[in-house]
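Read the figures in this text as sums done on the coordinates, not as results from a lab. Note that this is a predicted model, so its numbers are computed, not measured. Counting neighbours? That spans all protein chains shown, and the Cβs are built from the backbone with ideal geometry, glycine included.
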Amino acid sequence: MKNIDSISHVKGRSVYVDDIPERAGTLHAVVFHSPCAHGIIKGLDVSEALNNNGVHAILTASDIPGENQIGGVIPDEPLFADGKVEFAGQPVALVVASDEATARKARRLIKIEVEELEAVTGAREAYKKSMFLSPPGIFISGDIEKAWRECEYIFEGQCESGGQEHLYIEGQASYAYLNEDGAIRIISSTQGPTHVQKTAAAVLGLPMHRIEVDVTRLGGGFGGKEDQATPYACMAALAAMRLKKAVKIVLHRLDDMIMTGKRHPYSADYKIGLSAGLKIIAYQARLYQNGGAAADLSPAILDRSLFHSTNAYYIPNTEVTAYSCKTNLPPNTAFRGFGGPQAMFVIESAIARAAHELKTEARTIQERNFLSSKDHFQYGQKAAGASIRKCYKLAAKEFQIERLSKEVREFNSKNGLRKKGIAMMPVCFGISFTSKHMNQARALVHIYQDGSVGVSTGAVEMGQGVNTKIVQVVAKTLAVDPGLVRIETTNTTRVSNTSPTAASSGADLNGKAAQIACSRLASRLKRAAANKLGKEIRDIELSGKGIRINGKSAGISWKEAVKYAYMQRICLSEQGHYSTPGIDFNRSISKGQPFAYHVYGAAIVTVNVDCIRGTYEVERVNIVHDFGNCMNTLIDMGQVEGALMQGIGWMTMEEFSWDKNGHILSKSLSTYKVPDIYSAPGEVNCIPLPSKGPAKAILKSKAVGEPPLMYGIGVYFALQNAIISFNPSYRPDFNAPLTPEKVLMRLYSSRPGKKRS
Ligand code: MTE
Ligand code: LUZ
Ligand code: MOS
């Protein structure tokens, strides 16, 4: 089935927050944010700004009727700065005017006086100063001290990975207005409608039932709207409440890039120990997460880094410690992979280093250490269904990895100024929120008298195709044509207490809830038909062609069955509630079964480097991915390609810099390079691993949203291998993104001054 949104997207008819026809008298707001990364606010003068025609109000912390607090996990983040600022871009005031241009003009007239304090931008620097957002996390398995003594080889080093801008096409956006009784309706571009509702209620000092949040779809979220759509929704709601007008906030790209958090940069120390036979017997890592100025989702992201610190390998003795460091950057947040990619880059770096020192290919080490289904993860969960070996074997066979490697070697021996590189990247990613309580969802299904079906769930459509998948589930369970099924907006008054659509589990959780509701409706309809026909319910079947008795048509169409049930006063609405069974995790000992299942895959990447310029092309990415029993190949292949591109961008070109005062320098697309069509691989081939799929995945079709991002990590190591073949004296270092500039430096670093022929 094609994505149900594809036609309206292509025709430009899909509606985003800024496309909603405005109510009469709508006001527009812009955020005045801190020009300074750290300091004490000594004065704020808004008088000149307020004096402008068309400016309705300038709201600050003192206008908040409830709590000036938006921290989701830890209450450490004010909506508006109060007394001090902790990052450049921190909201200080909201300028509300009759139109956006007036608001922007007035914003320039606000004067703030800040007594500047030292700004910390690096995680290690914060660590040295003991500045933390939450307590460290530690995962231990086996006996690492004993294991070091058994190792034949031990390597230690450092590893850095950078931040990443979400660059959703639709920026942060909210539109809020009052209902007749002073309750507030917020239309928000958020992945977490309930988070918006709960936080807005607290900020406004209202019960949650007076806040309604409605989401049609997002022009991309990628994690950047799991938590960080909330402040703008709260601001719009606050202004609407204060001014009794409809208020809209749509962040300008420049404001969005300055103010919002990004993927967490990580710095790490690793130590890896191998046996003579290249089994990894010990792995120790210290991860320094650059959390920014407030916790946001950092503690949960830190957890996922720990969970994924051994990627797809079985390592009997581990000790991984992770620190969430507080810096003066915008609070970093969820981004596709949620701390997993950062940790996987570290273990892959350790393996690449070992391979280089031992003069072998990384692939030899990787292959020897893959998880098997008998193994346990370091957190105690059994790796039941581990398919990494199968993925790798199929990839090696189908993509002829030996031949590819040979071709690369031959090319490199024949070419002096162009070098190719090859690398393999395995992926293992756990599916479930690592906070158990979040693994729940609800769906509300109405069958209308004419047989058409309306479905509300907690899932938010952000381009990933979750709505299409839910249509498929509903159509299949009720045995109706997908054209009869409509997915309604995600609305907190229809489906409450939703978890954000995140952790790749939107389709699993909400799809299962919809399936439960639809199965109940299907039974009721079958019972009604059985009554009408004087048959047993077990003889009745709902089919695409109407009611069937023992496999034969009963001459009753779907519509007639629905009509009959309605006339019999049978309820044609149902709510389904799903909570993932069998998951649990004991935080005090860091052991348990946190995940419903894991997603596996392997990618083989080849690159081609221009050794004069340092520029490069990703030639080919060949993937075998375990989709389970894939329910929508078109959508899932799109997810693989999109995630891969984001991974490549993170690993190769998306680079942030801050000046020493903590001001972001890469704040627009002229200074922050994202992948474009020229950076896309020449070829992407993805073969689904033939697989039945786990029961906990919706229709046994595994979650797909985040895992393929990590295939992009392979590009880093393929580039590194190309550099090594040009410059044998280059000692691999791990400092992503590996931009062309960095490639060039490494092509010529400590190169012996030998003349080339
Ligand atoms: N695909 C598109 N087109 N746009 C997005 O914003 N977000 C990703 C992924 N794929 C995203 C996307 C992220 S971060 C997650 S967690 C999943 O989609 C969420 O959706 P799902 O749980 O339905 O897979
Ligand atoms: N969000 C979250 C996530 O709150 N918990 C998670 O485990 C998670 N994992 C991936 C992406 N978002
Ligand atoms: Mo995705 S980072 O779970 O929103």
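Tabulated results
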item	result
Placed amide H near Ile74: partners under 5 Å, 5+ positions off or other chain	Asp296
Out-of-range pairs (alpha-carbon distance over 31 Å; input Lys244/Lys673; Lys42/Lys326; Lys374/Lys700; Lys128/Lys279)	Lys244/Lys673; Lys128/Lys279
Under-5 Å amide H pairs with Glu655, H placed in peptide plane, nonlocal only	Lys673
Solution diffusion estimate, µm²/s, Stokes-Einstein, the chain, Kirkwood Rh from C-alpha pairs, 20 °C, viscosity 1.002 mPa s	78
23 Å Cα cut-off, lysine pairs counted over the range 440-579 (separation 8 or more, or different chains)	25
Helix-only CD estimate at 222 nm, as mean residue ellipticity for the chain, using -39500 (n - 2.57) per DSSP H run (n ≥ 4)	-8500 deg cm²/dmol
Fraction of beta bridges assigned by DSSP in the range 440-579 that are antiparallel (%, nearest 5)	85
Antiparallel bridge percentage (DSSP; both residues within the chain; nearest 5)	80
Likely footprinting exposure, Met637, Met745, fewest C-beta neighbours within 10 Å first	Met745, Met637
Amide H contacts under 5 Å for Ala246, placed H, 5+ residues apart	Leu27
Debye equation applied to the C-alpha atoms of the range 440-579, log10 I(q)/I(0) at 0.15 Å⁻¹	-0.68
Neighbour net charge for Asp143 - beta-carbon separation under 12 angstrom, K R +1, D E -1	-1
Sequence-separation-based contact order of the range 440-579, relative, with Cα cut under 8 Å and 6+ spacing, percent	34
Counted charge near Glu77, where neighbours are those whose Cβ lies closer than 13 Å (Asp, Glu -1; Lys, Arg +1)	-4
Cα centroid separation, the range 380-457 to the range 649-683 (Å)	25
Highest-first arrangement of 685-694, 522-531, where packing means the average Cβ count within 10 Å	522-531, 685-694
Cβ-based net charge around Glu536, under 11 Å, with every Lys or Arg adding one and every Asp or Glu removing one	+3
Order of Ser701, Ser588, Ser349, Ser188 under a 10 Å beta carbon neighbour criterion, fewest first	Ser588, Ser701, Ser349, Ser188
From phi via Karplus (6.51, -1.76, 1.60), per-residue ³J(HN,Hα) for the range 598-615 in Hz, x at Gly/Pro	10, 9, 10, x, 9, 10, 10, 10, 10, 10, 9, 10, 8, 7, 8, 9, x, 7
Ranked list, fewest to most other Cβ atoms within 10 Å of each Cβ, for Trp650, Trp148, Trp658	Trp148, Trp658, Trp650
Neighbour cut-off at most 15 other Cβ (10 Å), DSSP loop, trypsin sites (Lys or Arg not before Pro), the range 337-375	Lys359, Lys374
Under the Karplus curve 6.51 cos²θ - 1.76 cosθ + 1.60, θ = phi - 60°, whole-Hz ³J(HN,Hα) for the range 717-724, x wherever Gly or Pro sits	6, 5, 4, 4, 5, 5, 4, 4
Within straight-line cross-link reach of Lys692, aspartates and glutamates at Cα separation under 14 Å, skipping those fewer than 8 residues along the same chain	Asp626
Close Lys-Lys pairs in the range 397-466, where close means Cα under 17 Å and separation is 8 or more or interchain	4
Integer Hz, Karplus 6.51/-1.76/1.60 couplings in order for the range 79-86, x for Gly and Pro	5, 10, 3, 9, x, 9, 10, 10
